[in-house]
Amino acid sequence: MSETLLLPLTHAFSKTHFTTPHHLLKTTSARSAARFRHRHKQVPLPLSSGSDYTLSFTLGSPPSPTISLYLDTGSDVVWLPCSPFECILCESKAPPLSPPLNLSASATAVPCKSSACSAAHSSLPSSDLCAMARCPLDAIETSDCNSFPCPPFYYAYGDGSLIARLYKDSLTLPNSLSIQNFTFGCAHTTLAEPVGVAGFGFGRLSLPAQLSSVSPQLGNRFSYCLVSHSFDSDKVRRPSPLILGRNEEKEKQFGNEVVEFVYIDMLHNPKHPYFYSVGLEGISVGKRNIPAPENLKKVDRRGSGGMVVDSGTTFTMLPSNLYDSVVNEFDHRVGRFNERASAVEETTGLGPCYYYDKVAKVPVISLHFVGNGSRVVLPRRNYFYEFLDGGDGIGKKRNVGCLMLMNGGDEEELSGGPGATLGNYQQQGFEVVYDLEKRKIGFARRKCSSLWDSFKN
């Protein structure tokens with residue numbers, strides 16, 4: 001039980017973004033692919049935990065200092081702060097995880113005529129982009145604009161944005177796994193985004209897509225297993241394993257134990273194809289099943305609806321009508337026996353919260369997904385955060401527990417985007433598998449620190 005009361009909620013909504021869609025395009029180098037096939041099968045990488053989960057790597061030759069970015073399955077671009085760097089409205093945000101990057105001598109600007117430039121600019125034609133880059137008309141007509149760099153691009157999240165330029169350089173992950181000519185955004189100015197992001201969604205510029213171009217078996221199937229959140233920066237946590245090229249047979253075996261996965265079909269989002277969307281059938285609180293609104297079960301042609309599985313959003317966000325129903329049922333079962341902690345709710349922004357003496361009795365919460373009766377039962381710690389309230393400094397400390405689900409807004413506010421988001425707090429203690437070829441997402445309960453240890457042995 002933690003004595004931490006104030007939670008860093010600034011990242012709770014920061015990684016659900018709405019930009020014009022990109023398509024997953026692949027270019028294959030047979031020589032590079034062969035080299036990767038022989039050298040790598042499954043590649044486990046460590047994720048550091050805090051209020052969110054971060055992936056570290058180096059860029060360039062000689063290698064840069066270690067760069068740490070948020071792992072984000074809800075976006076499709078890899079970008080990082082570059083020197084000189086300014087973050088506007090970042091006073092209340094977490095401090096940067098690594099210093100702004102000084103580009104290495106091996107870094108090169110991405111040309112305006114490249115497909116990567118077009119992807120970063122919402123699939124604009126290269127002729128338009130080269131005109132923006134001031135390439136002369138005769139050179140545009142003869143496709144001779146290689147010396148003109150891709151214009152800066154704008155990228156937005158739910159509560160922040162950035163302007164960046166595209167560069168290519170070698171990227172080296174832990175375990176010395178290297179990707180040559182890796183494309184990334186170099187941002188000198190951001191709004192409320194002090195830390196860079198490693199986009200793992202569908203998209204031409206995402207890290208899995210770029211890895212797939214040289215090693216399809218590594219980029220087309222990956223998983224992560226998130227250890228418990230650490231809101232205390234001084235508390236050391238074991239790493240969470242990110243497994244590239246997750247082997248379908250090996251994932252089911254753990255020592256003598258056979259692990260059962262619940263697989264859910266992804267929904268295609270025509271407007272936001274980079275999202276990993278699934279259909280939510282309902283949420284049960286104890287024995288009562290609360291049906292989800294129809295727009296959470298599917299995605300319409302405007303890109304509205306469904307639930308996005310997002311490693312870069314902290315807490316699960318539900319549309320207000322479903323959220324209110326879940327909270328009311330939860331309060332009906334818990335509030336009858338425990339005093340409401342209204343002062344804690346005002347201080348933290350969480351709710352509902354309750355005081356309790358020894359052990360709070362709370363109902364089990366399960367998520368029911370569309371297809372084959374798929375159900376994921378959440379562990380208690382994934383939706384009920386327990387800590388000690390320090391009171392006013394005079395009285396004794398009291399046990400407090402809060403429901404860790406968020407109101408994502410009404411249907412009008414959510415129009416044109418996801419109807420709900422499954423955040424990483426609710427994914428703790430699960431291995432989550434993303435199978436991009438079969439377009440499925442799998443969930444299985446795991447001891448994530450033990451899974452990491454198994455790769456070291």
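So here's what we get for this one:
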item	result
Test result for Arg288, of a type outside the set (Val, Ile, Thr), open to solvent by 10 Å² or more (accessible area, probe 1.4 Å) and over 21 Å from Asn382 (Cβ atoms)	no
Residue in the range 277-284 that is open to solvent by less than 10 Å² (accessible area, probe 1.4 Å) and closer than 23 Å to Ser123 by Cα present	yes
Members of the range 332-361 found to be open to solvent by 20 Å² or more (accessible area, probe 1.4 Å) and part of a loop (DSSP other than H, G, I, E, B), listed by number	Gly335, Arg336, Phe337, Asn338, Glu339, Gly349, Asp357, Lys358, Val359, Lys361
Subset of the range 213-244 (residues that are part of a loop (DSSP other than H, G, I, E, B), modelled with pLDDT under 90 and more than 30 Å from Phe387 (Cα to Cα))	Ser213, Val214, Ser215
Yes/no for Lys168 being in a loop (DSSP other than H, G, I, E, B), under 24 Å from Gly60 (Cβ atoms) and not polar (S, T, N, Q)	no
Extreme residue, most open to solvent (accessible area, probe 1.4 Å), among residues of the range 78-111 that are at pLDDT 95 or above and closer than 10 Å to Gly196 by Cα	Pro100
Residue match in the range 140-153 (condition: in contact with a Leu (Cβ under 6 Å, 6 or more places away or on another chain), at pLDDT 95 or above and among the aromatic types (Phe, Trp, Tyr))	no
Boolean, Glu329 is within 14 Å of Lys287 (Cα to Cα), of a type in the set (Asp, Glu) and in a helix (DSSP H, G or I)	yes
Failed item in (1) within 20 Å of the chain's Cα centre (by Cα); (2) open to solvent by less than 10 Å² (accessible area, probe 1.4 Å), with Ser215 passing the rest	(1)
Residue match in the range 345-363 (condition: of a type in the set (Lys, Arg) and either touching a strand residue (DSSP E or B) at 6+ places or on another chain (Cβ under 7 Å) or under 29 Å from Pro46 (Cα atoms) (or both))	no
Hey, Lys113 in contact with a helix residue (DSSP H, G or I) (Cβ under 7 Å, 6 or more places away or on another chain) and basic (Lys, Arg) or not	yes
Scope the range 196-212; condition assigned to a loop (DSSP other than H, G, I, E, B) and either touching a strand residue (DSSP E or B) at 6+ places or on another chain (Cβ under 7 Å) or among the acidic types (Asp, Glu) (or both); matching residues	Gly196, Phe200, Leu205, Ser206
Residue in the range 419-438 that is basic (Lys, Arg), touching a strand residue (DSSP E or B) at 6+ places or on another chain (Cβ under 8 Å) and outside any strand (DSSP E or B) present	no
Candidate set: the range 439-450, residues that are closer than 15 Å to Ser240 by Cα and not in a strand (DSSP E or B); chosen: the one most open to solvent (accessible area, probe 1.4 Å)	Lys447
Matching option when the condition is polar (S, T, N, Q), assigned by the TED database to the domain that holds Ser213 and free of Cβ contacts under 8 Å to residues at least 40 places away in the same chain, among Thr108, Thr66, Thr58, Thr54	Thr66
Members of the range 167-191 that are modelled with pLDDT of 95 or more and farther than 21 Å from Ala109 by Cβ	Leu191
Verdict on Ser325 being surrounded by 15 or more Cβ atoms within 10 Å (Cβ to Cβ), more than 26 Å from the chain's Cα centre (by Cα) and under 16 Å from Gly408 (Cα atoms)	yes
Test result for Ser170, over 15 Å from the mean Cα position of the chain (by Cα), of a type in the set (S, T, N, Q), open to solvent by less than 10 Å² (accessible area, probe 1.4 Å) and closer than 25 Å to Val43 by Cα	no
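Residue by residue, here is whether (1) at pLDDT 95 or above; (2) in a loop (DSSP other than H, G, I, E, B); (3) farther than 27 Å from Gly416 by Cα; (4) basic (Lys, Arg) holds:
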site: Arg246; (1), (2), (3), (4): no, yes, yes, yes
site: Glu251; (1), (2), (3), (4): no, no, yes, no
site: Glu260; (1), (2), (3), (4): no, yes, yes, no
site: Pro270; (1), (2), (3), (4): no, yes, no, no
site: Glu281; (1), (2), (3), (4): yes, no, no, no
site: Gly303; (1), (2), (3), (4): no, yes, no, no
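The values are calculated or read from the model by the stated rules, or taken from the named source; none is laboratory data. Fair warning: this is a prediction, and the values are worked out from it, not measured in the lab. All Cβ positions, even for glycine, are placed from backbone atoms using ideal geometry, and neighbour counts span all protein chains on display. Please note that ligands, DNA and RNA were not included when accessible areas were found on the heavy atoms of the full protein model with its side chains. Shrake-Rupley method; radii C 1.70, N 1.55, O 1.52, S 1.80 Å.
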